[in-house]
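Each value in this text was obtained by applying a stated rule to the coordinates, not by laboratory testing. Note that this is a predicted model, so its numbers are computed, not measured.
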Amino acid sequence: MEKLFYSIGEVAEILGENTSAVRFWTNYFERFLKPKRNAKGNRRYTAEEIETLKQIRFLTKEQGLTLEGTQKALSEDRSKVESRVKALETLKEIRAQLEEVRKSL
C-alpha cells in the first residue's frame, strides 16, 4: 500500500539524491511543489510531488537542462516530460532484471 506522505529522507532515497538537493529543488520549483509540513515543520511529500521531483531530476541530471530550462519544460509540456521519465524508469528496471539474469547464468 502506498503511503500518503513521505519524509524528505525517503524522497531523497527514492530519487537517489541527497536531502539538500531535494530541499533546493523544492524551494526553487515552488510553483510546482508545495509539500505539507508537520507540527515540527518537516516537509511531507505526496506521491504526486515525488513524480514532479523525478521529472525535475530527469530534466536537470539526464537531459542537462539549466534550472530555468527545466522550469520552462515543466510549464510547457509536462505530459511529454512525464512519459520520458516513465520510459527511463522502465528501462532501468529492465536493465536491473537483465543484470540479475546475467548473474544467475
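Odds and ends about this structure:
- For Lys86, a cut-off of 19 angstrom between C-alpha atoms picks up these lysines, skipping any fewer than 8 places away in its own chain: Lys54, Lys61.
- Three-way shape label, the chain, alpha-carbon gyration tensor, a/c 1.5: oblate
- Rounded to 10°, Cα long-axis angle of helix 19-28 versus longest principal axis of the chain: 50
- Flagged links, alpha-carbon separation over 31 Å, of Lys36/Lys103; Lys3/Lys40; Lys36/Lys80: Lys36/Lys103
- Nearest-ten-degree value, helix 47-57 long axis tilted from longest Cα axis of the chain: 80
- Each residue of the stretch 72-87 was assigned a 3J(HN,Hα) from its phi angle through the Karplus curve 6.51 cos²θ - 1.76 cosθ + 1.60 (θ = phi - 60°); the sequence is 5, 4, 5, 6, 7, 8, 5, 5, 5, 5, 4, 5, 5, 5, 4, 5 Hz, with glycine and proline shown as x.
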